[in-house]
Amino acid sequence: AAAVTLAACTSADETSAGPEGELVGSGTGDECTIDSPVPVGAVLSLTGAAASYGETQRNGLELAVDQLNEAGGVTYELTVEDDQTDPKQGITVFEQFTGSDPQSVIIGPTLSNTAKQTDPIAHEAGTPVLGISNTAEGITEIGNYVFRDSLTESAVIPETVAAATEAYGLQDVVVMYSNDDAFTESGYEAFAAALDEVGVEVSETITFSKSDTEFRALLEQAASSDPDALVVSALIEAAVPLVTQAREAGMQMPIIGGNGFNSPQLMADAGDAAEGVVVGAAWNSTADDPLTTEFIQSYEDEYGAQPDQFAAQAYAGMTLVDSAVRAGCSGEREAIRENLAGLSDVPTVLGEFSFTDGRDAEHPAVVQVVEDGSFAVLE
Ligand code: 1QQ
């Protein structure tokens, strides 16, 4: 009898104590109405080293939920919890969102490094997860409850490297990356493969820790081979001092970064040193289609600052959740999973969005360069 009880407790169907029955509505698409608000749990890094990403993610989610709730028919109850940039805290919140405080879908966590540990919990519990900023390899492979709207490093970096190689005539580069984070390691792999593909020589590969802030000795080592560019896979807390100290050391070559560089904190904290940083992005902040311009305007009205890529991916995440909920007119977990998987060509601030068969993001990317303190398209 004990074995039977245990099996019942751990089966995906039994783990939800939520109001699932009330989450099935009537009508479809724009006509769908669901009486109870659909519970959405977000797990974001609001404190710790990744807080600058998490902060704008929260803004993007809250803005989207406010707008969706105002439109009505289907409403959302958003609960945002801080993972403190710590996988252990991420696990605690995922256990909460799949257990005592059940959510129909979990958005996040901010970092791939955390997602690798948290997403199996949601998958096991039968709760769909939508990553909005995870770009490392091996996230959606965790299982078929795991989705992401963030383009991977392996999707974006080949375009970044090809565009930079063409723009600057690169022949040889030095690669620097932190080798203690799932995202930065995956970004390194993507850079190495992409550089090889276009025939750019890597004269040296230098590793550091994600918590390092002192790069002068490593930069001196990098400068000694006189590279045409520095290629860096780092999170923002290391990227800012690395870029700043490179410029202080007189290194004026392009610095090519991965997704970690897609934060306006780079320009805010590195100032002029950020000029000439090249980074591939999932969101074109200079696009002038109505969805993008209205998003930028309403974000600025609400928060008094320009949105960044992470805010846009968060905002688009709620567009996708809403599309999936409306497609089945159901806020139940299994319906959301099924209907997310079926989404294609959804108009979002990221462009026309589809999921691949592997539940990864498919939409256009853009290669940007910091010019006069903001991201411009690299021509
Ligand atoms: C990851 C990333 C970070 C830069 C997200 C904020 O891409 O951890 O996958």
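The values are calculated or read from the model by the stated rules, or taken from the named source; none is laboratory data. What you see is a predicted model; the values in this text were computed from it and never measured. Quick reminder, even Gly has a Cβ in these numbers, built from the backbone with ideal geometry, and neighbours come from all protein chains shown. Only protein heavy atoms, including side chains, enter the accessible area calculation; ligands, DNA and RNA are left aside. Shrake-Rupley method; radii C 1.70, N 1.55, O 1.52, S 1.80 Å.
General remarks:
- Counting only strands (runs of 3 or more DSSP E) that sit completely within region 309-379, those holding 3 or more residues that are open to solvent by less than 30 Å² (accessible area, probe 1.4 Å) correspond to 351-355, 366-371.
- Test: residue in region 269-292 that is within 16 Å of the ligand (Cβ to nearest atom), among the charged types (D, E, K, R) and assigned to a helix (DSSP H, G or I): yes
- Flag if T165 is among the hydroxyl-bearing types (S, T, Y) and under 24 Å from D212 (Cβ atoms): no
- Test: residue in region 205-212 that is under 22 Å from E275 (Cα atoms) and within 16 Å of the ligand (Cβ to nearest atom): no
- Residues that are open to solvent by 30 Å² or more (accessible area, probe 1.4 Å) and polar (S, T, N, Q), drawn from region 120-179: N144, S154, Q171, N179
- Flag if G169 is in the same structural domain as G342 (by TED's automatic domain parsing) and either modelled with pLDDT of 95 or more or within 16 Å of the ligand (Cβ to nearest atom) (or both): no
- Residues within region 104-158 that are more than 13 Å from the ligand (Cβ to nearest atom), over 16 Å from D357 (Cβ atoms), hydrophobic (A, V, I, L, M, F, W, C) and in contact with an Asp or Glu (Cβ under 8 Å, 6 or more places away or on another chain), tallied: 3
- Selection status of A376, closer than 28 Å to A136 by Cβ and either without any contact (Cβ under 8 Å) to a residue 12 or more places away in the chain or in the same structural domain as L78 (by TED's automatic domain parsing) (or both): no
- Helices (runs of 4 or more DSSP H) (entirely within region 173-256) containing at least 1 residues that are aromatic (F, W, Y) and touching a helix residue (DSSP H, G or I) at 6+ places or on another chain (Cβ under 9 Å): 182-198
- Here T56, T98 are screened, and the one residue that is open to solvent by 10 Å² or more (accessible area, probe 1.4 Å), on the phi < 0 side of the Ramachandran plot, away from the ligand (no atom under 16 Å from the Cβ) and in contact with a helix residue (DSSP H, G or I) (Cβ under 7 Å, 6 or more places away or on another chain) is T98.
- Flag set for E237, criterion: farther than 19 Å from V278 by Cβ, surrounded by 14 or more Cβ atoms within 10 Å (Cβ to Cβ), of a type outside the set (V, I, T) and modelled with pLDDT of 95 or more.
- In region 59-95, residue nearest to the chain's Cα centre (by Cα) [restricted to those that are surrounded by 21 or more Cβ atoms within 10 Å (Cβ to Cβ) and among the acidic types (D, E)]: D83
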